[in-house]
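Report on one structure; see the data block that follows.
The values are calculated or read from the model by the stated rules, or taken from the named source; none is laboratory data. Being a predicted model, the structure only gives us computed values, none of them experimental. When we count neighbours, we look across all protein chains shown, and the Cβ atoms used for this are built from the backbone with ideal geometry, even at glycine.
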Amino acid sequence: MTMNVLFAASELFPLIKTGGLADVAHSLPNALAQLDIDMRLVLPAYRQVLSGISGLRVLGWVKASTGREVRILEGSHPELTIPIWLVDAPELFDRPGNPYTDAGGNDWPDNPVRFALFSQVAASLAMDALGLGWRADVVHANDWQTGLVPAYLATESAPPRTLFTVHNLAYDCQFDFPVFQGLQLPSYWWSLEYGEFYGRFSMLKAGIIFCDRITTVSPRYAQEIRTTELGYAYADVLEANAGKLVGILNGIDDVTWDPRTDPHLAARYHVNGKIRDAKRANRETLLKALGAPEAACEQRGPLVGSVGRLVYQKGIDLLLDAIPALLDDSDAQFVIIGSGETKLEQQLTKLALAWPDRLFCHIGYSETLAHQLEAACDIFAMPSRYEPCGLNQMYSLRYGTPPVVRETGGLADTVEDAKPRSLARGEANGFVFREASGAALGEALRRAFALHAKPKQWMKLIKTGMRGDYGWRNSAQAYLQLYRAE
């Protein structure tokens, strides 16, 4: 019998994206739709989303408890195989830029109003408030923006089962009692047993408490968020609910990220092809695109790449601290692509100016450069202080670019350190270090450089990574089992 699942998310690639949640909202429902599940995806009708959706039609109107009436639209996108439902409240969602912050990077002050409404409407749609003849058997909510979906559904008789995924515990939404009253939320929710959190109300805590199942985006992260260090004050709440907590590793879009067919590459390749030749051609293309001098393009030392947000969570400061000594005692070159905190951007730019033939950067994001970097580099550096799952290390493995990662979250779940025993067994696919320091990262990179100098062993390492299965099939099956669990 076909199962009906409503997937509620606050962002969706390629329509609107601030992080990995958008990628999951794109790939996981697509994968689940292949498993005889009737999926619907509900999303706020942001201005950017409305401009990218096709075939829009009005499904009806839903009235919230505050009296606000909200129009529900349905549309489609060529990269998604499932219908997209949009909660159209223009005064809340029809705004420029980021879904959660203004142009200055500050949280929209009415975020509690915006996402409480979104959650309530999503819960109503799950209960077939529009009379469409489609009622959810399971509702899959994601992060604090949908934390009230399980809470609202808990007030219904015979509600669908609810699953709440924590993509990054560091981000939540808290507000004080007057805001709570203004939202007209059930009074009993304001208690330590439910949503009250150190004298405020937490939408994230509400999701954790009211849902039937909690998931995180990797098994290791499910353990880490129950610790003081990475629990962000929620460790005790999660420990008390550990019986319904499970970690399921995210997958990647292995159609978009495939070196055999990637349209961004100068030379495509596969695990049984001429990997070295293709990487050399891609390296030359990338370095030229970044303005490297001719002599730099001819160098053959290891090329280390990094792409992502330039923020302390990602450990980019550790990499910037390690680079000067590595440039002094090796023939490595470095390519870094990303944007983020001003101080880190300035530090990176200063280093690039000091080493114009060894360190190349692009401040900003470019999808083309990101793909080219994965194919061009010999090594990918990802020294995150914490990483709920991480995607770039899996892109790197698939592209034959062994990652150097810190032992945390999904990085620890996907990268097997190149120790003598794991190398001999054909299990190693990268390099792992523990201490969050530039010195520890530098030592791990030097280990990578030493193995890179041994072509046969290096190629064995590359091929082990390229043969891994990083798609969504296994993860989708794991979610399906949770959906079916009573």
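Residue check: is Ala136 among the small types (Gly, Ala, Ser) and farther than 21 Å from Ala476 by Cβ? Judged against the criteria, Ala136 is not a match.
Consider Gly291 carefully, then state whether it is touching a residue at least 12 places away in the same chain (Cβ under 8 Å), surrounded by 17 or more Cβ atoms within 10 Å (Cβ to Cβ) and within 17 Å of Thr368 (Cβ to Cβ). When the stated conditions are applied, Gly291 does not pass them.
Within the stretch 461-477, the residues that satisfy the criterion of being part of a helix (DSSP H, G or I), of a type outside the set (Val, Ile, Thr) and buried (at least 17 other Cβ atoms within 10 Å of the Cβ) are Leu461, Gly465, Met466, Ser475, Ala476. Looking only at the stretch 220-250, count every residue that is in a helix (DSSP H, G or I) and either over 20 Å from the mean Cα position of the chain (by Cα) or at pLDDT below 95 (or both) and tell me the total. The qualifying residues number 9. Scanning the stretch 195-245 for residues that are of a type in the set (A, V, I, L, M), touching a strand residue (DSSP E or B) at 6+ places or on another chain (Cβ under 8 Å), surrounded by fewer than 23 Cβ atoms within 10 Å (Cβ to Cβ) and under 13 Å from Gly409 (Cα atoms) yields a total of 1.
Somewhere in the stretch 418-426, is a residue surrounded by 17 or more Cβ atoms within 10 Å (Cβ to Cβ), under 26 Å from the mean Cα position of the chain (by Cα), outside the structural domain of Asp38 (by TED's automatic domain parsing) and small (Gly, Ala, Ser)? Yes, the stretch 418-426 has at least one match. One residue alone among Leu41, Leu56, Leu73 is surrounded by 21 or more Cβ atoms within 10 Å (Cβ to Cβ), assigned to a strand (DSSP E or B) and not assigned by TED's automatic domain parsing to the domain that holds Gly338, and that residue is Leu41. Scanning the stretch 295-312 for residues that are over 15 Å from Leu441 (Cα atoms) and either free of Cβ contacts under 8 Å to residues at least 24 places away in the same chain or not small (Gly, Ala, Ser) (or both) gives Cys297, Glu298, Gln299, Arg300, Pro302, Leu303, Val307, Arg309, Leu310, Val311. For the stretch 274-345, the helices (runs of 4 or more DSSP H) that sit wholly inside it and include 1 or more residues that are modelled with pLDDT of 95 or more and touching a strand residue (DSSP E or B) at 6+ places or on another chain (Cβ under 9 Å) are 275-289, 316-329.
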